[in-house]
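Q: Before I ask anything, here is the structure I am working with.
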Amino acid sequence: MRRTSKTLIEAMACSLPVVDTDFEDIREVLVVGFNGLLREPDTKSIREALVKLLTVLELGGLLYTYGL
């Protein structure tokens, strides 16, 4: 079963920065540091990615620029 969500694709199409859990199907769409961030499926990892996205201004701009 493919795990790529419609919400992920829609967010990327709107050039929104994406943080998702690291699964093989997601890696087919999301390129880490280019159009999104991948983390382990636990609260701490997701939190760290969101904090990084919100505090490193250049990263948010880069991910915004290279959405779908």
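Q: With runs of 4+ DSSP H residues as the only contributors, calculate the mean residue ellipticity of the chain at 222 nm using -39,500 (n - 2.57) per run, divided by the residue total and rounded to the nearest 500.
A: Per the formula, -14000 deg cm²/dmol.
Q: Can you list residues whose amide H is under 5 Å from residue 19's amide H, if they're 5+ apart or on another chain and H is modeled 1.01 Å from N?
A: HN-HN under 5 Å from residue 19: 37.
Q: Under a point-charge model restricted to the Cβ atoms of Lys and Arg (+1) and Asp and Glu (-1), what is the dipole moment magnitude of the chain relative to its Cα centre, in debye to the nearest 20? Show your work: numbers first, answer last.
A: Values: 8 positive and 10 negative charges, 23 e Å.
I would put it at about 120 debye.
Q: Once you have the Cα-Cα distance between residue 10 and residue 40, take 0.36 nm times their residue separation minus that, and quote the gain in nm to one decimal.
A: 8.6 nm
Q: Ok, one more. If you wrap the chain's Cα atoms in a convex hull and average its projection over all directions, what's the area in nm²?
A: Seen from a random direction, the Cα hull of the chain projects 4.2 nm² on average.
Q: Show me, for the stretch 24-38, the HN-Hα J-couplings you get by feeding each phi into the Karplus relation (A = 6.51, B = -1.76, C = 1.60, θ = phi - 60°), rounded to Hz, glycine and proline as x.
A: Result, ordered by residue: 4, 4, 5, 5, 6, 10, 9, 9, 4, x, 10, 10, x, 10, 10 Hz.
Q: How would you rank 29-37, 7-15, highest first, on the average number of other Cβ atoms within 10 Å across their residues? Walk me through the numbers on the way to the answer.
A: Numbers: 29-37: 16.7, 7-15: 13.9.
Those peptides, ordered most packed to least, come out 29-37, 7-15.
Laboratory data are not the source of any read-out in this text; all were calculated from the coordinates shown. Predicted, not measured: the structure shown is a model, and the values here were computed from it. All Cβ positions, even for glycine, are placed from backbone atoms using ideal geometry, and neighbour counts span all protein chains on display.
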